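The values are calculated or read from the model by the stated rules, or taken from the named source; none is laboratory data. Everything numeric here is computed off the predicted structure, so don't read it as measured data. Because the Cβ atoms are built from the backbone with ideal geometry, glycine has one as well, and the counts that use them run over all protein chains shown.
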Amino acid sequence: MTSNFSKNNKNININHLEINPLLQQLRDDPIAGNGENYYFSSFDGTKIFYRVWKPISEINKIIIISHGMGGHGEFFVLLADKVYNEGIMVIAPDYRNHGHSDGKKGDLKRFKNILRDLCEFINYISKQHPDIPIYLFGESMGGAVNINYIAESPEKLSGMVLFSPAIKIKFTLKKRLMLILLAIPLLILRIFAPSSRIIGIKGREDEGINNPIHQQYDKTDPYHLEKISIRYLFQLFKYIRKTISKASKINIPTVIFQGTLDMGVSSEAVSEFYEKLNSDRKELYLIEGGYHCLFTDPNFRDKWHLLIGWLKKH
C-alpha cells in the first residue's frame, strides 16, 4: 500500500521520493533503482515508513534492516545494489520518530517500542512471504536492536548480519571527562526534561566515516537527526549494556563485520560478543583499517563478496 502521510506538518508523497544525490554518487552500480516506498501501521497505530528493493529474479531471501542512531533506511540502497542479482529483497524501515515515520523526531519515549515495531513488522512481512527465509541486518545501534530482539524472539528468522554493532561504546579520554562533567546536569534533565532534544549527533562525521562524499551525505541529509533527547540516549545505553549478556541466547547463523579503527564501537567487545554467541554457524570479519561506517570505507570495498558468500551459504 502506498499513500501520502504527514511528517512535521508537511505532506510527503512517498511515491515520488528520490535517492539523495550524494548517496547516488556512492553507488558503484545503481542496478536496484530507487526502490518502492510503503508504510506499515504498527501496534499503536504509528505509521512506519519503509523502502523495498525487489530483485528482478525470483525472491529467495529477504533482508530486513535496522539502521543506526539518527539515521533512516535510504542508505541501504547500497546493500540492495550489491545483492540485487542474488534474488535477495532488501526492506529498510525507518524507526518511529526517525526519517519519514511518524513521531516526534529525535525523541523516544520507550525504546522497547522499536522492538515491538520490529516484531510486528517481521510478522507482517512473513505473512506476505510465508515460504521465504528472513534475515535481520543491523548497523551500529541497529545491531543492538537486533541482538535484543533475536535473543527473545528468533523463531521467524534464518540469520543475522551485523555491521559495527553497538555492543559497547568506545569512549576516548576526552569523551569520558566530558561525561563526568555533564553527569549531574544530564541526570537532572533526564528527570525534569526527558524529551528535550539537546544531544547533538551531527558534526563529527569524519570520526566514523572514511569517505568524504559519505561524510557530506550524513552532514547535510535533512532526514538524518541532528539532535536526540536525553531519554533516547539513556535508553539506548541501557539496551547496549544488555547486548553481551544476550549472546548466549542467540543460536541462529550470524555474521559480523567490524572495523579495527572504529572510533565508535569497541572491536574488542565485538570479538567478545562473537565468542559468546551460542551458534556453531557464526563468522567474524575484522576489517583492517576499517572505520565505523563500513559500506563506503575503502578498506571494505573489496570485501562485499564475503557478505554475499555468507548469504548464499546460509
Revision key, fill the gap. Selection over the stretch 206-221 where residues are assigned to a helix (DSSP H, G or I), in contact with a helix residue (DSSP H, G or I) (Cβ under 7 Å, 6 or more places away or on another chain) and crowded, with 18+ Cβ neighbours inside 10 Å yields a count of 3
Check your understanding: Of the residues in the stretch 222-238, how many are hydroxyl-bearing (Ser, Thr, Tyr) and either buried (at least 21 other Cβ atoms within 10 Å of the Cβ) or without any contact (Cβ under 8 Å) to a residue 60 or more places away in the chain (or both)?
Key -> 2
Practice item. Identify, from the list Asn251, Asn278, the residue that is free of Cβ contacts under 8 Å to residues at least 40 places away in the same chain, surrounded by fewer than 17 Cβ atoms within 10 Å (Cβ to Cβ) and more than 16 Å from Glu139 (Cα to Cα). Key: Asn278
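Residues are listed down the side, and each one gets a yes or a no for (1) within 24 Å of Gly73 (Cα to Cα); (2) over 19 Å from the mean Cα position of the chain (by Cα); (3) at pLDDT below 95:
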| position | (1), (2), (3) |
| --- | --- |
| Ile198 | yes, yes, yes |
| Ala247 | no, no, no |
| Thr254 | yes, no, no |
| Gly309 | yes, yes, no |
**Study point:** Members of the stretch 146-190 found to be part of a strand (DSSP E or B) and modelled with pLDDT under 95, listed by number
**Key:** Ile169
Practice item. Have a look at Gly99, Gly143 and point out the one that is of a type outside the set (A, V, I, L, M) and assigned to a helix (DSSP H, G or I). Key: Gly143
Review point. Out of all the residues in the stretch 291-314, which are in contact (Cβ under 8 Å) with a residue 60 or more places away in the chain, out of contact with any helix residue (DSSP H, G or I) (no Cβ under 9 Å at 6 or more places or on another chain) and either polar (S, T, N, Q) or under 20 Å from Asn210 (Cα atoms) (or both)?
Key: Leu294, Pro298, Asn299
Exercise for review: Could you tell me which of the residues Ser101, Ser41 is at pLDDT 95 or above, among the hydroxyl-bearing types (Ser, Thr, Tyr) and buried (at least 18 other Cβ atoms within 10 Å of the Cβ)?
Suggested key: Ser101
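Might you check whether a residue that is closer than 20 Å to Ile184 by Cα and touching a Ser or Thr at 6+ places or on another chain (Cβ under 9 Å) occurs anywhere in the stretch 206-225?
Kept after step one, since they are closer than 20 Å to Ile184 by Cα, are these residues of the stretch 206-225: none.
The answer is no, given that none of the residues of the stretch 206-225 is closer than 20 Å to Ile184 by Cα and touching a Ser or Thr at 6+ places or on another chain (Cβ under 9 Å).
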